[in-house]
Amino acid sequence: MELFVLIVHVTVAVGIIGLVLVQHGKGADVGAAFGSGSAGSVFGSAGSANFLSRLTAVLAVVFFLTSMGLTWISVTRGVNKGVMTAPAAPAQSDKIPGASEAPAAMSGKVVPAVPAAPADAGSKVGEVPK
């Protein structure tokens, strides 16, 4: 059902685009007033303006109806694809990328996460600057 409505929707949209591009603007009527010979056209002396404008209006109504139909189908489907419904991403670990836990676990030693400060008496590590 949704695929059928979508195909009709796209076809009508392309039809509206084609009809709008084929129609003449208001400036084309001025040329007809000076005898450009459009009176003997296929659509009669009134020209194609009435037929094409009515067909465009009908296609616009169909386009709006298919738009509302697609909206109704997506709402009643029941599958919520919103951003807020996505499951939370797993928490990032504090591990250093590329670091392996295997050497520390095999040796039985505890490896500090932060290197120890030098044991110099003159070291200023950890002091607050003045």
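Every number in this text was worked out from the coordinates using simple rules, so none of it is lab data. Since the structure is predicted, the reported quantities are computational estimates derived from the model, not experimental observations. Here the Cβ positions follow ideal geometry from the backbone for every residue, glycine too, while neighbour counts run over all protein chains shown.
Values for this structure:
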item: Inter-probe distance in nm under a simple model that places probes 7 Å from Cα toward Cβ, at residue 23 and residue 124; result: 7.9
item: Length added when fully stretched, residue 84-residue 14, from 0.36 nm per residue minus Cα-Cα; result: 21.8 nm
item: Simple label model, 7 Å out from Cα along Cβ direction - residue 1 to residue 71, nm; result: 1.8
